[in-house]
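A.B. asks: One structure is given below, represented as structure tokens, and several questions about it will come after.
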Ligand code: GUN
């Protein structure tokens, strides 16, 4: 039998723009009513090219939404103690409601130690153990931006997870683990796969929804994907020609899917929109 699946491209860029436009209106109203301008402090240590681009986009989006940016560009040789002292200063700065330390940090600085030092109420990334713990047990807190953005996309496109088989490829603290918890909350049956998973292709073939978050260019092939599956690509890689691509072999996979996110223009812009949302949420909570 010849099956034809109608594919919908999930336009993360357009959705993120809409979310930021709505946020701008909400923030304007909030600032008028309270006199408070939401503030986001961003910290970049060193001068990694990709990190610079990410930070630039975050600062630009903040301005679009009416969020004030406080950017700190620190030299590569900054000590852990110096970074800690900056965070402690920002933790008690009333103008700062969200703090974001761009990862990865240089090798001589311990990421976990630094994330732990951020006031959980100002943890715009949702990486602090307190926020991670809250997510795990279903308490209100700040949720990691990329998995939150994926959930918003699914809601917007009316994709229900209830009872569905989800395969998450990648078990990072930033994406895979929080994504699993969020999807479990929506009543999916979640399988977490990773580099040691045996027969990954066969597991993928069973999935109604695949979330690819491993950081390996075009790893998810067409024959891994069930006809009509939903495919979410969190990857951000360069292919053999230096072109930006995801973890999914998009061109060959897309026609089998019911919904698929492109790279670029899928999950990436949603991550930034969620960062803006988290910062605004932190500003609102600071008045409670
Ligand atoms: N590096 C790559 N992605 C992220 C992110 O979402 N937040 C931070 N702080 N650093 C990152």
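Here, each number is a calculation from the coordinates, and none is a lab measurement. Small disclaimer: the values here were computed from a predicted structure and weren't measured. Heads up, the Cβs are rebuilt from the backbone with ideal geometry, glycines too, and the neighbour counts pull from every protein chain shown.
A.B. asks: So what is the diffusion coefficient of the stretch 21-69 in µm² per second by Stokes-Einstein at 25 °C and 0.890 mPa s, using a Kirkwood Rh over Cα pairs? Can you show the working numbers first?
C.D. replies: Working: Rh = 11.8 Å.
For the chosen part, D equals 208 µm²/s.
A.B. asks: Extension gain residue 57-residue 7, at 0.36 nm per residue separation less the Cα-Cα distance, in nm?
C.D. replies: Working: separation 50, 0.36 × 50 = 18.00 nm, distance 2.94 nm.
So the extension gain works out to 15.1 nm.
A.B. asks: Once the Cα gyration tensor of the chain is found, what semi-axes does its equivalent ellipsoid get, as square roots of 5 times the eigenvalues, in whole Å, sorted largest first?
C.D. replies: Numbers: eigenvalues 221, 88, 63 Å².
Result for the chain: semi-axes of 33, 21, 18 Å.
A.B. asks: So what's the back-of-envelope 222 nm ellipticity for the chain, counting only DSSP H runs of four-plus at -39500 (n - 2.57) apiece and dividing by all residues, rounded to 500? Each step should come with its number before you reach the end.
C.D. replies: Values: 10 runs with 120 residues, N = 288.
Here the helix-only value at 222 nm equals -13000 deg cm²/dmol.
A.B. asks: Can you give the relative contact order of the stretch 65-168 as a percent, counting alpha carbon pairs under 8 Å and 6+ residues apart?
C.D. replies: Details: 73 pairs, mean separation 19.0, N = 104.
Averaging sequence separation for qualifying contacts and normalising by length gives 18 percent for the stretch 65-168.
A.B. asks: Any chance you could run the full-extension gain for residue 25 through residue 71? It's 0.36 nm times the residue separation minus the Cα-Cα distance, nm to one decimal. Could you put the intermediate results ahead of the total?
C.D. replies: On the way: separation 46, 0.36 × 46 = 16.56 nm, distance 2.37 nm.
Length gained, residue 25 through residue 71: 14.2 nm.
A.B. asks: Taking R0 as 30 Å, what FRET efficiency do you get between residue 285 and residue 194 from their Cβ-Cβ distance, rounded to the nearest 0.05? Please list the in-between numbers first.
C.D. replies: Working: r = 34 Å, r/R0 = 1.14.
Rounded to the nearest 0.05, the efficiency is 0.30.
A.B. asks: Any idea what angle helix 49-65 forms with the longest principal axis of the chain, computed on alpha-carbon atoms, 0 to 90 degrees, nearest 10?
C.D. replies: 70 degrees
A.B. asks: Explain nothing, just the number: relative contact order of the stretch 120-197, from Cα pairs under 8 Å at least 6 residues apart, as a whole percent. Could you put the intermediate results ahead of the total?
C.D. replies: On the way: 101 pairs, mean separation 22.2, N = 78.
This gives 28 percent for the stretch 120-197.
A.B. asks: Given Cα positions, please report Rg to Rh for the stretch 1-124, the hydrodynamic radius being the Kirkwood one. Intermediate values should be presented prior to the final figure.
C.D. replies: Working: Rg = 18.2 Å, Rh = 16.4 Å.
Ratio of gyration radius to Kirkwood radius: 1.11.
A.B. asks: Could I ask something else about it? Sort 74, 100, 23, 244 so that the residue with the fewest other Cβ atoms within 10 Å of its own Cβ comes first and the one with the most comes last. Present the calculation step by step, with values, prior to reporting the outcome.
C.D. replies: Working: 74 18, 100 25, 23 22, 244 14.
Fewest to most other Cβ atoms nearby, the residues stand as 244, 74, 23, 100.
A.B. asks: Can I ask one more? Tally the DSSP beta bridges in the chain and give the antiparallel ones as a percent, rounded to 5.
C.D. replies: Details: 2 of 32 bridges.
Within the chain, antiparallel bridges account for around 5 percent of the total.
A.B. asks: Report, in cubic angstrom per residue, the convex hull volume of the C-alpha atoms of the stretch 196-288.
C.D. replies: Details: hull volume 12.5 nm³, N = 93.
Measuring per residue, one finds 134 Å³ for the Cα hull of the stretch 196-288.
A.B. asks: If you don't mind, there's one more thing I want to ask. Report, to the nearest 10°, how far helix 176-185 tilts away from the longest principal axis of the Cα atoms in the chain, using its own Cα long axis and a range of 0 to 90°.
C.D. replies: For helix 176-185, the angle is close to 80 degrees.
A.B. asks: Compute the distance in nm between two label points, each set 7 Å from the Cα along the Cα-to-Cβ direction, one at residue 187 and one at residue 139.
C.D. replies: 2.7 nm
A.B. asks: Rank by packing, highest mean first: peptides 90-97, 206-213, with packing defined as the count of other Cβ atoms within 10 Å averaged across residues.
C.D. replies: Working: 90-97: 16.4, 206-213: 23.5.
Top to bottom by mean Cβ count within 10 Å: 206-213, 90-97.
A.B. asks: Arranged by the count of other C-beta atoms within 10 angstrom, fewest first, what order do 157, 54 take?
C.D. replies: On the way: 157 15, 54 20.
Taking fewest neighbouring Cβ atoms as first place, the list is 157, 54.
A.B. asks: Could you give the distance between the Cα centres of the stretch 17-48 and the stretch 85-137, to the whole Å?
C.D. replies: 18 Å
A.B. asks: Also: Label residue 252 and residue 222 with points 7 Å out from Cα along Cα→Cβ: what is the distance between them in nm?
C.D. replies: About 0.7 nm, to one decimal.
A.B. asks: How big is D, in µm² s⁻¹, for the stretch 139-222 by Stokes-Einstein at 37 °C and 0.692 mPa s if Rh is the Kirkwood radius over C-alpha pairs? Don't skip to the answer; put the middle values down first.
C.D. replies: Details: Rh = 13.2 Å.
Estimated via Stokes-Einstein, D reaches 249 µm²/s.
A.B. asks: Helix 80-91 sits at what angle to the longest principal axis of the chain, using alpha carbons and giving 0 to 90 degrees rounded to 10?
C.D. replies: Once rounded, the angle reads 80 degrees.
A.B. asks: Nearest 0.05, what FRET efficiency do residue 91 and residue 158 give at R0 = 41 Å with Cβ-Cβ as r?
C.D. replies: Here the calculated transfer efficiency is 0.55.
A.B. asks: Another question, if that's okay. With contacts defined as alpha carbon pairs under 8 Å and 6 or more residues apart, what's the relative contact order of the stretch 30-103 in percent? Before the final figure, lay out the partial values.
C.D. replies: On the way: 91 pairs, mean separation 35.8, N = 74.
RCO, the stretch 30-103: 48 percent.
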